[in-house]
Amino acid sequence: MAQISSFKDLIVFQKAYKLSMEIFEFTKTFPKEEKYALTDQIRRSSRSICANIAESWAKKHYIKAFVNKLTDSLGEEYETETWLDYAKDCKYIDSKIHQRLMREYDEVRKMLISMINNPNKFYR
């Protein structure tokens, strides 16, 4: 396993960051009336996944705090999935894009759960 010296080295962070940037780009096409509703909510939750991973890394010396922030990140991941469902059902994204994003977020979720269940792997 490669040396992890920063939260930015974590594959889960890299995947979540890439997805949040993708969400940022496609939400530019959402209707103006969604600006303060769906657009802001999905951008915020997708970015919060990454932010909470970063915060967890800063707290990795304190297992309970580390796991707590990862759990927050997991909650934001579930929230993002919910907003993606709304985006599909409101016909702002098509089913193929939705399915792909859900598969990718499924990977992020599994990685977060693994980290939550095995925090000692990250303790230094």
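Derivation of every value follows stated rules applied to the coordinates shown; laboratory data play no part. The structure displayed is predicted, hence computed values, not measured ones. Glycine also receives a Cβ, built like all others from the backbone with ideal geometry; neighbour counts cover every protein chain displayed.
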If r is the Cβ-Cβ distance from residue 103 to residue 71 and R0 is 25 Å, what FRET efficiency results, to the nearest 0.05?
0.65
Calculate the FRET efficiency for residue 89 and residue 6 from the Cβ-Cβ distance with a Förster distance of 41 Å, rounded to the nearest 0.05.
0.65
Longest principal axis of the chain (C-alpha) makes with the long axis of helix 63-89 (C-alpha) an angle, in degrees to the nearest 10, of 20 degrees
Residues 71, 82, 29, sorted so that the one with the fewest Cβ neighbours within 10 Å comes first:
29, 82, 71
Value of [θ]222 nm, deg cm²/dmol, for the chain, DSSP H segments ≥ 4, -39500 (n - 2.57) each, nearest 500
-24000 deg cm²/dmol
For the chain, find the longest principal axis of its Cα atoms and tell me its angle to the long axis of helix 40-58, 0 to 90°, nearest 10.
10 degrees
Ordered by fewest other Cβ atoms within 10 Å, a rough proxy for footprinting exposure, 61, 98 read 61, 98
Cα-only Debye scattering, the chain: base-10 log of I(q)/I(0) at q = 0.09, 0.17, 0.21 Å⁻¹:
-0.26, -0.80, -1.10
How do the peptides 105-114, 47-56 rank, highest first, by the average count of neighbouring beta carbon atoms within 10 Å per residue?
47-56, 105-114
Suppose a student asked you for the relative contact order of the chain, using Cα pairs under 8 Å spaced at least 6 residues apart; what percent would you report?
28 percent
